[in-house]
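Every number in this text was worked out from the coordinates using simple rules, so none of it is lab data. Given the structure is predicted, the values throughout are model-derived calculations rather than measurements.
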Amino acid sequence: MKTNNLSALLLAGVCLLPALASALPSDSDQPIHIQADTADLDDKKGTAIYRGDVVITQGTLKITGHTVTLVQGKSGDVEYFKSVGNQAYYEQIPNEGDDLLRAWGNTIEYFMPKDTIVITDQAKVSQSGNTTRGEKITYNVKQEQVNVGRAQPGSVSQPEPRVHMVIQPKKKSGTDQE
């Protein structure tokens, strides 16, 4: 593998991390930092696999896991990322003025063409004091739809037959209190 191709794949893979969620516009202007014990890049397959306490940051975005895989499509854009670990972690401020969105799970996958994040096995999402836990959480970013429930049998380390949610009351404005 030529060094130029390897560098191009590495650059293309990580430069598209800002597309992982509807994030702060300033995130995409920030440098990308990747820390890992090893990196395996395959130009032909369009994959980059980082292993060993992986930490990827860019602006408010942070992804951690034991193994993080990025897959490019034919256009060169990253179409899929998967973070695996005990616990894999994802955080980002979705929009200006929003609180930090955090997600944990033994597997976190992001399907870019579908704008969907899937968190499996001890899945938990937290923002603004609201939390959701279950075996599997599927979140469509564009449609702002969440599905929480059971994962495929045998795909979780700790079965959680019930969904658990904590929803904080909305703060009332001065006119709502009258």
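Rounded to the nearest Hz, the phi-derived 3J(HN,Hα) couplings of segment 50-57 under the Karplus curve 6.51 cos²θ - 1.76 cosθ + 1.60 (θ = phi - 60°) are 10, 10, x, 6, 6, 9, 10, 10, where x marks glycine and proline.
Applying the Karplus relation 6.51 cos²θ - 1.76 cosθ + 1.60 with θ = phi - 60° to segment 156-171 yields 3J(HN,Hα) values of 10, 7, 9, x, 10, x, 10, 7, 10, 10, 10, 10, 6, x, 6, 6 Hz, where x marks Gly and Pro. Taking N as the residue count of segment 3-166, its C-alpha radius of gyration divided by 2.2 N^0.38 Å amounts to 1.02.
Which aspartates and glutamates have a Cα less than 17 Å from the Cα of LYS136, not counting those fewer than 8 places away in the same chain? Straight-line reach from LYS136, under 17 Å: GLU109, ASP115, ASP121, GLU144, GLU160.
Mind running the shape call on segment 99-170? Use the C-alpha gyration tensor, a ≥ b ≥ c as the square roots of the eigenvalues: rounded below 1.5 for a/c, prolate if a/b tops b/c, oblate otherwise. Don't skip to the end; give the middle numbers.
Numbers: a/c = 1.89, a/b = 1.15, b/c = 1.65.
Taking the square roots of the gyration eigenvalues as a ≥ b ≥ c, segment 99-170 is oblate.
Note: relative contact order over segment 3-166, using C-alpha pairs below 8 Å and six or more positions apart, is 14 percent.
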